[in-house]
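Okay, structure first, notes after.
The values are calculated or read from the model by the stated rules, or taken from the named source; none is laboratory data. It should be emphasised that the depicted structure is a prediction, and the values quoted were computed from it without experimental measurement. Ideal geometry is used to build each Cβ from the backbone, glycine not excepted, and the neighbour counts take in all protein chains shown. Side chains included, ligands, DNA and RNA excluded: accessible areas come from the protein's heavy atoms. Shrake-Rupley method; radii C 1.70, N 1.55, O 1.52, S 1.80 Å.
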Amino acid sequence: MGSDTRQIALAVLNRFDARNGPLDAHLARAFEKNPGMPRRQRAQTTSMVYGVVRWRKRIDWVIASMSATPFSKIAPRICNILRLGVFQILFLTGVPHGAAVNTSVNLAKKAGPAWVAGYVNGLLRNVARRGESIAFPDPSQDPVRSLAVTLSYPEWLVERWVARMGWETARQVCEAGNRIPTLTVRANTLAVTRADLGRALGREAEKVIPTVYGPEGLRIFGPACTIPEMEAFRQGWFQVQDEAAQLVSHLLAPCPGDRVLEACAGRGGKTGHLGALMDNRGAIVALDRDPAKLGALQEEMARLCVRIVRTVVGDLTDGLPHGMEGTCDRVLVDAPCSGLGVLRRHPDGKWTKSEASILKCRDTQIRILESAAAAVKRGGILVYAVCSKEPEENEQVVERFLRTYPVFSLAPAERGFPDTAGCLVSPQGFLQTSPHRDDMDGFFAARLRRGA
């Protein structure tokens with residue numbers, strides 16, 4: 001691991017703290033500025049950045065325990081140097097402690113006066129010697145703080161999870177959210193079967209196994225190259241998509257010949273699946289307020305040979321575009337949300353979300369759902385989905401919508417929804433997945449039918 005890797009990781013962490021945008025966007029910009037960076041170094045940089053952000057609260061506790069200077073008095077850029085050093089010492093077994101200390105000191109020499117390098121050197125050497133013996137909050141005295149610090153989550157989030165699930169389940173949820181997820185893809189059945197895709201990918205990975213619940217999914221272990229470098233990807237044989245997201249499209253269950261509205265379509269993660277389920281027959285209107293995302297969606301549909309998609313720029317918080325009322329057999333609302341069900345993929349969400357942001361998301365979700373519902377034909381199906389497990393964004397949104405629009409009612413999954421996934425549907429008819437229980441993203445989805 002070279003010094004350039006650590007320098008770029010530090011720059012990304014500093015920009016994340018200063019601008020508070022999505023972590024993956026800061027990483028992407030860093031790689032754009034360093035186009036010649038080898039793939040191995042990119043992977044190491046990504047691992048360090050995501051690792052520091054994922055374990056930040058625990059790392060900060062270690063720094064505070066070892067520092068003579070109060071933690072709040074440490075300059076942000078020096079704090080990130082220390083975080084990188086502590087992460088390497090405590091979490092990266094392949095990095096010698098001496099290398100972690102020395103490279104951090106070199107970063108400190110560039111970031112401040114001479115005494116800063118000495119401070120960083122002394123603190124990190126103490127962590128290397130005594131880091132494993134640091135005392136953490138006692139769960140018997142303060143169970144919420146204990147979970148928050150040891151597993152690195154904000155206390156407000158741990159507190160609400162403990163109140164709703166109990167301490168032990170909350171602990172399991174936190175642990176699962178810290179595990180790096182397996183790479184999961186979905187076979188594009190317009191071009192290939194899952195079995196044939198598995199054989200093709202098996203030549204470019206250590207192991208490939210079918211998903212348990214999604215009938216088109218595969219899990220890839222130890223890929224030998226990046227996704228865009230895989231021949232099967234270039235052939236349009238698969239999309240990267242978590243198993244939970246795959247099940248949402250099956251819950252909608254579009255048929256060949258249907259007219260489908262995909263609200264908040266984004267870059268087309270579910271659009272390609274809908275096109276395959278429809279066997280490229282019918283029409284899909286992919287709507288999003290971001291033209292750049294729709295441009296990426298069009299490129300993705302071309303790669304997958306999905307030919308039935310038309311894109312529309314629109315913001316459903318302002319209402320349904322004119323002329324779409326009552327025109328769609330199926331409508332999918334993959335609503336913007338807190339993202340608290342996908343923290344294992346986006347650990348920056350731990351530190352950028354709040355209880356207020358959950359309520360703000362709920363208000364937006366209700367407006368979008370109401371607008372999209374106007375597009376559903378009589379007897380048609382509306383699916384509402386979010387990658388969150390929080391009740392304010394899940395059951396409460398659906399319950400409020402049904403009270404306001406009694407012409408809609410909860411509908412069971414139809415034929416075509418995988419039998420193996422029936423255990424993921426609650427007695428109320430909600431699809432609910434969890435990282436700690438199902439080893440997939442935390443999704444919620446409800447299927448609603450408009451009365452005739």
Taking the full set of protein chains and a 1.4 angstrom probe, give the accessible area of residue 32 in square angstrom, rounded to the nearest 10. 140 Å²
Modelling each spin label as a point 7 Å along the Cα-to-Cβ direction, I'd like the residue 142/residue 305 distance in nm, to one decimal. 6.0 nm
Per-residue HN-Hα couplings for the range 234-242 [Karplus 6.51, -1.76, 1.60; θ = phi - 60°; Hz; x = Gly/Pro]: 4, 7, x, 7, 7, 10, 6, 7, 5
Counting only DSSP beta bridges fully inside the range 330-452, the antiparallel percentage to nearest 5 is 70 percent
Share of the chain's accessible area from carbon and sulfur, percent, 1.4 Å? 51 percent
Amide H to amide H under 5 Å from residue 429: which residues, 5+ apart in sequence or cross-chain, H placed 1.01 Å off N in plane? none
Inter-part distance where the range 372-432 and the range 139-164 are each reduced to a Cα centre, Å: 31 Å
In vacuo Debye scattering of the range 410-452, one point per C-alpha: log10 I(q)/I(0) at q = 0.16, 0.21, 0.32 Å⁻¹? -0.44, -0.71, -1.22
Computed Rg/Rh for the range 283-328 (Cα atoms; Rh = Kirkwood radius) stands at 1.00
Surface accessible to a 1.4 Å probe, per residue, for the residues of the chain, Å²: 43 Å²
Protection proxy (average C-beta count within 10 Å per residue), highest first, orders 255-265, 287-297 as 255-265, 287-297
Quick check on the chain: of the DSSP beta bridges with both residues there, what percent are antiparallel, nearest 5%? 55 percent
How much length is gained if the chain between residue 155 and residue 175 is pulled fully straight, taking 0.36 nm per residue apart and subtracting their Cα-Cα distance, in nm to one decimal? 5.7 nm
Based on DSSP H runs of at least 4 residues, each adding -39500 (n - 2.57), what is the mean residue ellipticity at 222 nm of the chain after dividing by all its residues, to the nearest 500 deg cm²/dmol? -14500 deg cm²/dmol
Ordering 423, 174 by accessible area with a probe of 1.4 Å, largest first, what comes out? 423, 174
With unit charges on the beta carbon (Lys/Arg positive, Asp/Glu negative), name the residue among 280, 45, 223 whose Cα is farthest towards the positive pole of the charge dipole of the chain. 45
